[in-house]
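Undergrad: Below is one structure. I have some questions about it.
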Amino acid sequence: MKEDLRGLLDRVDSASLVDAMGRVHGHRADIVDLVSPDPTRVMFGPAVTVAYLPYRDDLPEKDLGFATVFYRAVGDAPEGKVVVLSSGGHPDSSHAGGTKLSRLHNHHVAGVLADGRLRDFAELAGYGFATWCRGQATRWGGDTVMPFAANTAVEIGGVCIVPGDYVYADSGGAVVIPVGSVRRVLEEAVRIEGEDKRSAELIRAEDPARLRSGEQTATEV
């Protein structure tokens, strides 16, 4: 993570970041319906991507395996990255588990965002990275999807993720921020948090009788 962003990061959440993205950019940036083995953990970092595709037994790439595509994705500088796993059209299938994903812990990756299910939640909760995905799985999914390519643009929940984008995730959902505007979006999110606090103060001072009569108008944003 860029260290000069941490002070801003501690003052925002997924909701204010989504609102900030709406002010700065015109495209959708939020991903919802994610779960985590530890929902209290916030994830933030630049994305590297692993594209999954439906399994085919006639392709040479079927034998690449997760390790090869993972190391191609993170390159020589894995620390602080967010590994994004696309679904290959099968978000209900397992994409990895605690053993395969121990590589992320070994190399100090910031987190994994999976558009599929992951196995071994108890094990993942003990690792040094944040995990957000579509749910927990018990069945192996290697006969359904396969890791196919590293660092290509992928789609998760209707959002385009390009390698290098910053990915934030908390219990409210995930937000994808273009690298070129990450500071601007974070600063805008801080402003939004301030606006919301000021609006809450005005709401506390409302006169219900005057609002009911129409003499006073609502002040919240």
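The values are calculated or read from the model by the stated rules, or taken from the named source; none is laboratory data. Here the structure is a predicted model, which means the values were calculated and not measured. Glycine gets a Cβ as well: all are built from the backbone with ideal geometry, and neighbour counts include every protein chain shown. Accessible surface is based on the protein model in full, side chains and every heavy atom, while ligands, DNA and RNA are left aside. Shrake-Rupley method; radii C 1.70, N 1.55, O 1.52, S 1.80 Å.
Undergrad: Restricting the search to region 129-182, which residues are in contact with a strand residue (DSSP E or B) (Cβ under 6 Å, 6 or more places away or on another chain) and among the hydroxyl-bearing types (Ser, Thr, Tyr)?
TA: THR131, THR152, TYR166, TYR168, listed by residue number.
Undergrad: Here's something else I'd like to know. Mind counting the residues in region 19-52 that are closer than 14 Å to SER181 by Cβ and open to solvent by 20 Å² or more (accessible area, probe 1.4 Å)?
TA: Initial filter on region 19-52 (closer than 14 Å to SER181 by Cβ): 20-27, 29, 46.
If we keep only those that are open to solvent by 20 Å² or more (accessible area, probe 1.4 Å) as well, we get 22-27, 46.
The number of residues fulfilling the criteria is 7.
Undergrad: Let me ask you something else. Counting just the residues of region 147-168 that are in a strand (DSSP E or B), of a type outside the set (Val, Ile, Thr) and more than 22 Å from HIS107 (Cβ to Cβ), which one comes out least open to solvent (accessible area, probe 1.4 Å)? Walk me through how you get there before you give the answer.
TA: Start the filter on region 147-168 by keeping residues that are in a strand (DSSP E or B), which leaves 147-150, 154-156, 159-161, 166-168.
In the following step, the residues that additionally are of a type outside the set (Val, Ile, Thr) were identified as 147-150, 155, 160, 166, 168.
Okay, now just the ones that are also more than 22 Å from HIS107 (Cβ to Cβ), so 155, 160.
On the way: GLU155: 103, CYS160: 83 Å².
Across region 147-168, the extreme among qualifying residues is CYS160.
Undergrad: Any residue in region 28-48 that is modelled with pLDDT of 95 or more and in a loop (DSSP other than H, G, I, E, B) sitting within a Cβ distance under 7 Å of a residue that is among the acidic types (Asp, Glu) and open to solvent by 50 Å² or more (accessible area, probe 1.4 Å)? List the pairs, counting only those 6 or more apart or interchain.
TA: none
Undergrad: Moving on. Give me the pairs: first residue in region 169-187 and outside any helix (DSSP H, G or I), second residue open to solvent by 30 Å² or more (accessible area, probe 1.4 Å) and of a type outside the set (A, V, I, L, M), beta-carbon distance under 6 Å, and six or more apart or on different chains, which are they?
TA: Note: pairs meeting the criteria are ASP170/ASP13; SER171/PRO39; GLY173/ASP30; VAL175/ASP30.
Undergrad: Which ones in region 95-137 are touching a residue at least 40 places away in the same chain (Cβ under 8 Å), in a loop (DSSP other than H, G, I, E, B) and open to solvent by 50 Å² or more (accessible area, probe 1.4 Å)?
TA: Matches in region 95-137: ARG134 only.
Undergrad: What residue, among those in region 182-209 that are loosely packed, with under 12 Cβ neighbours inside 10 Å and acidic (Asp, Glu), is nearest to ASP19 (Cα to Cα)?
TA: GLU201
Undergrad: Out of curiosity, is ALA77 open to solvent by 30 Å² or more (accessible area, probe 1.4 Å) and within 20 Å of PRO163 (Cβ to Cβ)? Walk me through it before giving the result.
TA: Values: open to solvent by 30 Å² or more (accessible area, probe 1.4 Å): yes; within 20 Å of PRO163 (Cβ to Cβ): yes.
For ALA77, the condition - open to solvent by 30 Å² or more (accessible area, probe 1.4 Å) and within 20 Å of PRO163 (Cβ to Cβ) - is met.
Undergrad: Kindly indicate the residue of region 61-76 that is in a loop (DSSP other than H, G, I, E, B) and at pLDDT 95 or above and also farthest from MET146 (Cα to Cα) among those meeting that condition.
TA: Taking region 61-76 first, the residues in a loop (DSSP other than H, G, I, E, B) are 64, 75-76.
Okay, now just the ones that are also at pLDDT 95 or above, so 75-76.
Details: GLY75: 20, ASP76: 23 Å.
Here the residue is ASP76.
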